[in-house]
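Coordinate-derived values only; no laboratory data. Predicted model only: the values in this text are computed from it and were never measured. With ideal geometry, Cβ positions are generated from the backbone for all residues, glycine too; neighbour counts draw on all protein chains shown.
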Amino acid sequence: MSCHDAAPGATLATGTPAIALVGNPNAGKSTLFNTLSGARQSVMNAPGTTVELQTGTWRRGGRRLGLVDLPGTYSLTPRSPDEQVAADYVAGRGDLARPDVAVVVLDGSALARSLYLLAQVCETGTPVLAAVTMLDVASSRGVTPDLDALAAAAQVPVVAVDPRTGAGVEGLGVAVEALLGARAGTCDCAQDETDGGARARDDGACACGRGCSCSGPAVRSDEERFAWTERVLAAAVPAPPAVPVRSTSDRLDRVLLHPWLGVPVFLAVMWAMFELTTVVATPLVDAVGSFFSGPLATWLHGAIPGPAWVSGLLVDGVLSGVGTVLSFVPLLALVFVAIGILEDSGYLARAAFVADRALRAIGLDGRAMVPLVIGFGCNVPAMVATRTMPDARRRLLTGLLVPLTSCPARLTVYVLVAGTFFPQSAGTVVFGLYVLSGVLVILGGYALRMTAFRDLRQTRPLVLALPAYHVPRLRPMLRSTWTRVAAFVRGAGGIIAGTLVVVWLLSAIPVTAGHAVADVPVHDSAYGRVADAVAPVLAPAGLDDWRIASALTTGFVAKEVVVGALAQSYSLDPADAGAASADGALGNQLRTTLTATSDGHATAAALAFLVFVLAYTPCLATVAEQRRVFGTRWAVGAVGVQLTIAWLLAVGVFQVGRLLT
Amino acid sequence: MDLRLCPAGTSVEVSWVELDDAERARLRELGLREGAVVHVVHCSAFGGRVIAVGSDRLAIDGRTCACIGVTPLAAALA
């Protein structure tokens, strides 16, 4: 991601007209943004918030138009930080510059609620254009809006657009250009209104008396807005079906939201998604990792001139870190694609509805499902996604539970350990860890609600607009996946590679006499000593080994480095070097270690290791975001609680497992 | 009666909404206003309902459905 903490104007070229895309959630606004801007996009935070805005450039002939994709909102009367940002930007309040044109994306299948937002945007005084999407969905539900009548009744230009195919985009461009050209005749009626000036328009014409070309209603009260909405809707859809037409989405929902089938289907979808990432990702991860640790490392060791420590630093430190980062790319890409399919297909909203009851038991409502599901993709954006929740206390509660969702970085450890110790049922073991992750979220939420969150009431309604189901589009999904993976490589990649270099340096520094830098037995290095000091704490979990301790310690920075740190430890330890080169399998090295640390109960120790990795602090980036959103006290407290829970669970699993195996 | 008691396929008119002002306002923005005619499309777990407001579809949890009073109009779904 780029340009975080910048104001929108900072990312749009000077003199470039700013076009804001405003609309209800799932109205097709972001799809339209992607279609218009192509790959010319960046992500930024609204000033002083963690609410993300996407900016891009729309090239029309020789002209460049700046695009800002605002958070989806039902109203400019905000009830969440995201809605606040959308409302402020459209009206040009605070540090945000008013856009030159607001394109209000109207969901053709949900015109009533879309028109309410249109009415409010018109009141801001920003030049307005309406782009109607989802006409195919509306048609499947027996509704065909008359767009000419809609434009005449609403007194705003209206164009039909299909963001998924690009149909109507040229017409949208012409309409935007026309509005920009006519902008000189606009006024700041909204400013007059906020200043207490009177503004009476009952026929759509602006009554400011300045001859401006403002259009749309000047409605002051909710009741007036609703009346205007009903009037415009009646003009656009004069003969709606007396009863709703059952659409394909309705037929699918009959199964997917069924009282008895909904939850099993939801669980099956989750299981299929992660089985896919496990089965398909493993050989890809192995292939990338093997390339870096095998032929490339061997060639570089021979090709780099100078003393041995130079090639050691570059190959065992830097290259190992880079290889570790890049080996995650196929895994993360698969997870992001899987989540994209859920989102783009329209199922994610259903998942929130299905999960509502379970989340209410822990003081949350179904809307918390979105950040929690995103947490399974990455905890950091999940922390950001909590900002969409309107209630601060529930937002905090969700933010404290997000680290318990198992992100793909942890999956690399699961795959290694499950593939080694449970080769015949690795997929089931990994799935079981995801189920355990869900259980921890529920139990953690319940515990918090019984202690620090007793004030939470269970009265907040869950009302979700259900988007129609769509076949996910491959191209924008791949584009989005690329953006997210690149952001991971740029952001977390530096931390990961840097951490592994530090680990190598610590391992190269002797702490006893008689050794040279980069030529020291591991146990005599600073790295080995730190790990030796930590290892006894893990003894009750059957994990009393310096390599395990060091991997878990470096994993505090980012879970992605756990496997890399383990591999580096084994390749660095002279006692293990022969065996490592003989079979080349990290898993076998790990089995040997755990057999020794657990008195022969390696399987129980492996499970304890997996549970510890699942439950303890996900990464520094998540902690940093947690601190930024909720403050230092909550972030530090959360880290302490997570480490305690992880240790207790690991000890419990090992002690029970030892009795059973 | 309240919305939670309505079977799938029925058309109802919203009579009253017993929620606090902010939540009631959000429901009104979404089209669930007193006097609005809505249709129950699906019954979901724990009293939840999927309703049609025009061609729009809204999923509402059971607890909220219990706060929405309705008057049945018909039992039909095309």
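Fully extending the segment from A:ARG490 to A:THR632, taken as 0.36 nm per residue of separation minus the present Cα-Cα distance, adds 48.6 nm.
Counting Lys and Arg as +1 and Asp and Glu as -1, what is the net charge of the other residues whose Cβ lies under 11 Å from the Cβ of A:VAL158?
Cβ neighbours under 11 Å give a net charge of -2.
Take A:249-257, A:398-406, A:312-320 and order them by the average number of nearby Cβ atoms within 10 Å per residue, most first; the result is A:398-406, A:312-320, A:249-257. Among A:THR412, A:THR603, A:THR16, A:THR386, the ranking by other beta carbons within 10 Å of each residue's beta carbon, starting with the fewest, stands as A:THR16, A:THR603, A:THR412, A:THR386. Remark: spin-label model distance A:VAL279-A:ALA526 equals 4.7 nm, labels positioned 7 Å along the Cα→Cβ axis. Evaluating 6.51 cos²θ - 1.76 cosθ + 1.60 at θ = phi - 60° for every residue in region A:367-377, the Karplus couplings come out as 5, 5, 4, 5, x, 5, 5, 4, x, 6, x Hz, glycine and proline recorded as x. Database remark: amide H of A:ALA167 closer than 5 angstrom to the amide H of A:ASP162 (H placed geometrically; neighbours at sequence offset of 5 or more, or on other chains; Pro and chain starts carry no H).
Here the label points at A:GLU170 and B:GLU13, each 7 Å from Cα along the C-beta direction, are separated by 4.9 nm in the simple model. Model label sites at A:THR16 and A:ARG454, defined 7 Å from Cα along the beta-carbon direction, differ in position by 5.4 nm.
Remark: region B:3-75 carries a charge dipole of roughly 200 debye about the Cα centre, counting +1 on each Lys and Arg Cβ and -1 on each Asp and Glu Cβ. Computed extension gain for A:VAL502 through A:ALA152, at 0.36 nm per residue and net of the alpha carbon distance, reaches 119.3 nm. Listed values for region A:153-158 are Karplus-derived 3J(HN,Hα) couplings in whole Hz (6.51 cos²θ - 1.76 cosθ + 1.60, θ = phi - 60°), namely 6, 7, 6, 9, x, 10, and x replaces Gly and Pro.
Say R0 is 35 Å: what FRET efficiency, to the nearest 0.05, do A:THR77 and A:ALA239 get from their beta-carbon distance?
0.65
The stretch between A:LEU252 and A:GLU223, if pulled fully straight at 0.36 nm per residue, gains 6.9 nm over its current Cα-Cα span.
What does the charge count around A:THR499 come to, taking other residues whose C-beta lies under 15 Å from its C-beta (Lys +1, Arg +1, Asp -1, Glu -1)? Counting the neighbours of A:THR499, the net charge comes to -1.
For A:THR57, the amide hydrogen comes within under 5 Å of the amide hydrogens of A:ARG40, A:LEU67, counting only partners 5 or more places away or on other chains and with H modelled in the peptide plane. Taken one residue at a time, the phi angles of region A:300-315 give Karplus couplings (6.51, -1.76, 1.60, θ = phi - 60°) of 5, 4, x, 8, 7, x, x, x, 4, 5, 5, 5, x, 5, 5, 8 Hz. Gly and Pro are set to x.
With a Förster radius of 45 Å, plug the Cβ-Cβ distance of B:ALA66 and A:ALA624 into 1/(1 + (r/R0)^6) and report the FRET value to the nearest 0.05.
Values: r = 42 Å, r/R0 = 0.93.
With a Förster radius of 45 Å, E is 0.60.
Peptide A:66-79 shows a mean partner chain C-beta count of 1 within 10 Å per residue C-beta.
If you filter region B:19-78 for GluC sites (Glu not before Pro), then keep DSSP loop positions with at most 15 other Cβ within 10 Å, what is left? Listed in order of number, the matching sites are B:GLU34.
For A:ILE509, the residues whose modelled amide H falls within less than 5 Å of its own, excluding neighbours fewer than 5 places apart on the same chain, are A:ALA518, A:ALA526, A:TYR527.
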